[in-house]
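The values are calculated or read from the model by the stated rules, or taken from the named source; none is laboratory data. Please read these numbers as outputs of a predicted model, since none were measured by experiment. Quick reminder, even Gly has a Cβ in these numbers, built from the backbone with ideal geometry, and neighbours come from all protein chains shown.
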Amino acid sequence: MSSERGASPEVKTIRVNPHAFAKALKERGYEQLNPTNAAKKLNEKYGDRYFVCQFREGGKRMFRRELKIRAWHINLKNTDFQLDPETLDLLKKASFSKLDDELGDSYGADGKFDIFFRPVKWWDLRHWLNHPAREIRYALYIAIFAAFLEYSSDIIEMLRTLFRSP
């Protein structure tokens, strides 16, 4: 895939062609829909979900990031994608090409990239600790702190036992 387009205005989002998105998810029945209807159906189903996206260029892993994936039918070919400004900057800096590093957000990244993604699972600890919803993130931090306070004497005793020299 290539990123010839500039940045999209949505935060932590990647835009892809709806037919390419359906094919990657192994969803059936989208091939015969026009791009507008396919995008609408896919965004209703997957629009609020986060995916762990890994970017590679020439077989080299560049970075991994959690993003929402939006099916976008306007001016995106099957092999094109569009990233939010922050992720686009990361992609430009990590890519082999140094021609695009100083260009602004209105220019895409130079190169051919492979994107691998999977939906975020409930056991993805990094997702919960950095959750986009501040209330969920704070509730988790408070729960961890409360559990540590509740069981701190047991934790300290276990550490003493583990590190006691024979």
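Scanning segment 7-45 for residues that are basic (Lys, Arg) and free of Cβ contacts under 8 Å to residues at least 60 places away in the same chain returns Lys23, Lys26, Arg28, Lys40, Lys41, Lys45. In segment 12-21, the count of residues that are closer than 26 Å to Lys92 by Cβ, over 14 Å from the mean Cα position of the chain (by Cα), buried (at least 20 other Cβ atoms within 10 Å of the Cβ) and among the polar types (S, T, N, Q) is one or more.
Residue-by-condition table, conditions (1) in contact with a Ser or Thr (Cβ under 7 Å, 6 or more places away or on another chain); (2) modelled with pLDDT under 85; (3) farther than 26 Å from Pro132 by Cβ:
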| position | (1), (2), (3) |
| --- | --- |
| Phe51 | no, no, no |
| Lys98 | no, yes, yes |
| Asp101 | no, yes, yes |
| Ser106 | no, yes, no |
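Among residues of segment 46-63 that are assigned by TED's automatic domain parsing to the domain that holds Leu25 and more than 12 Å from Arg118 (Cα to Cα), none has a Cβ under 8 angstrom from a residue that is modelled with pLDDT of 90 or more and among the acidic types (Asp, Glu) at a sequence gap of 6+ or on a separate chain.
The set of residues in segment 118-135 being in contact with a helix residue (DSSP H, G or I) (Cβ under 9 Å, 6 or more places away or on another chain) and either modelled with pLDDT under 85 or among the polar types (S, T, N, Q) (or both) consists of Val120, Lys121, Trp122, Trp128, Leu129, Asn130, His131.
Select from segment 57-80 the residues that are closer than 22 Å to Ala22 by Cα and within 13 Å of the chain's Cα centre (by Cα) and write down the one among them that is surrounded by the fewest Cβ atoms within 10 Å (Cβ to Cβ). Don't jump to the end; show me each part of the working.
If we filter segment 57-80 for residues that are closer than 22 Å to Ala22 by Cα, which is where we start, we get 64-80.
This time we only want the ones that are within 13 Å of the chain's Cα centre (by Cα), so: 64-70.
Values: Arg64: 13, Arg65: 20, Glu66: 17, Leu67: 19, Lys68: 20, Ile69: 24, Arg70: 19.
That would be Arg64.
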